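Undergrad: My questions all concern the structure below.
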Amino acid sequence: SGSAWLRRAAVDAAAGRDKAAAQALERSYLVAPLQTGLFRARTVFAFERWDRLTPAAREQALYHLGAELRLRGKPKRFIALANSIRNPAGRVGMALELTALGARP
């Protein structure tokens with residue numbers, strides 16, 4: 001399941017296995033591409049590790065972000081989520097993507 005792969009990604013990340021964590025995150029997206037219930041956890045995980053993700057994992061995270069924004073249509077929620085990201089690369093990456101998607105407070 002998508003949540004099982006996300007848990008695996010978290011375990012790998014905690015053990016310092018960045019490549020394995022990125023691959024597990026990719027699998028989480030692969031088996032449950034737009035599972036709304038995983039959006040927040042996957043998004044926070046991805047953007048907190050943004051500078052350590054594979055290009056494929058980044059692409060999936062951005063796609064999911066755009067899909068959720070179009071579905072939910074509440075930009076303030078997404079902007080607040082971006083502002084909560086502690087990793088500077090991830091915070092900037094998410095903010096830029098939200099700007100590109102037309103999200104305004």
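No lab work stands behind these numbers, since they all come straight from the coordinates. Note that the structure is a prediction, hence the values are computed from the model and not measured. So basically every Cβ, Gly included, is an ideal-geometry build from the backbone, and we count neighbours across all protein chains shown.
Undergrad: Of all residues in region 27-43, count the ones that are surrounded by fewer than 19 Cβ atoms within 10 Å (Cβ to Cβ) and not small (Gly, Ala, Ser).
TA: Count: 9.
Undergrad: Still on this model: So which of LEU34, LEU38, LEU25 is under 20 Å from ALA103 (Cα atoms) and in contact (Cβ under 8 Å) with a residue 12 or more places away in the chain?
TA: LEU34
Undergrad: Then there's this: Please go through region 46-105 and pick out each residue that is crowded, with 20+ Cβ neighbours inside 10 Å, outside any helix (DSSP H, G or I) and of a type in the set (A, V, I, L, M, F, W, C).
TA: LEU53, ILE85, ALA103
Undergrad: Taking interchain pairs and intrachain pairs at least six residues apart, which have beta carbon atoms under 9 angstrom, with the first residue in region 65-91 and closer than 16 Å to ARG42 by Cβ and in contact (Cβ under 8 Å) with a residue 40 or more places away in the chain and the second surrounded by 14 or more Cβ atoms within 10 Å (Cβ to Cβ) and among the aromatic types (Phe, Trp, Tyr)?
TA: These pairs meet every condition: LEU81/PHE47; ILE85/PHE47; ILE85/TRP50; ASN87/PHE47; ASN87/TRP50; GLY90/PHE47; GLY90/TRP50.
Undergrad: Continuing with this model, one more query. For region 5-18, indicate whether the set of residues that are of a type in the set (A, V, I, L, M, F, W, C), without any contact (Cβ under 8 Å) to a residue 24 or more places away in the chain and in a helix (DSSP H, G or I) is non-empty.
TA: Checked against the condition, which is being of a type in the set (A, V, I, L, M, F, W, C), without any contact (Cβ under 8 Å) to a residue 24 or more places away in the chain and in a helix (DSSP H, G or I), region 5-18 yields at least one hit.
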